[in-house]
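Here's the structure we're looking at; comments come further down.
The values are calculated or read from the model by the stated rules, or taken from the named source; none is laboratory data. These numbers come from a predicted model, not from an experiment. Here Cβ is always computed from backbone atoms with ideal geometry, including for glycine, and neighbour counts include all displayed protein chains.
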Amino acid sequence: MREETYMRKEGLNIRQERFAIAYAHTGNATQAAVEAGYKPSRARQTGDELVSNSDIAARVEIEKARINEQLDARLIERMEIQRRRFIEESDLALDALHGTMAEAQPNSPARVMAAIAILDRAGHGVAQKIEANVTNHDAIADISDDKRQEALLEAAIATGKVARLNGAGG
């Protein structure tokens, strides 16, 4: 009892402090009273009384603010981790697209789709999906890869399956 009398002069006693912290975390006055060391048989009544105490209410608000600061810091940290992970995975995806461009056959649909994806990520989005059907492989086998890709893109533009990009020549 001496400790409670001494603590009261300084502010809350130990059990009131424990109650305020527990209540800030749980929002349940009965549970907080039990956690603070009050008799379980009177926890509901004690909890209700403690919640109405203005000093305890002020301490609860301080604890809630501290909890929110911790949550905000954790949220910011998680967002930064997600941002870094997104950048890393975006770089890997772009590398994979560049690899497809380098390895795929010149008239490969995968190569065309990789080119579209790269252009899209670079801010030169293609208005519609290119659906280029190459029916005569022998006829285009005699021209260079660059000319073949140019011909495919021009064919898609001519048929209206893709819009010409701003700044593109032709």
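Selection over the stretch 99-109 of residues that are at pLDDT 75 or above and surrounded by 13 or more Cβ atoms within 10 Å (Cβ to Cβ) gives a count of 1. Annotation for the stretch 18-33: at least one member residue is without any contact (Cβ under 8 Å) to a residue 12 or more places away in the chain, of a type in the set (Val, Ile, Thr) and loosely packed, with under 15 Cβ neighbours inside 10 Å.
Using the structure shown, decide if Asp55 is assigned to a helix (DSSP H, G or I) and more than 30 Å from Asp120 (Cβ to Cβ). When the stated conditions are applied, Asp55 passes them.
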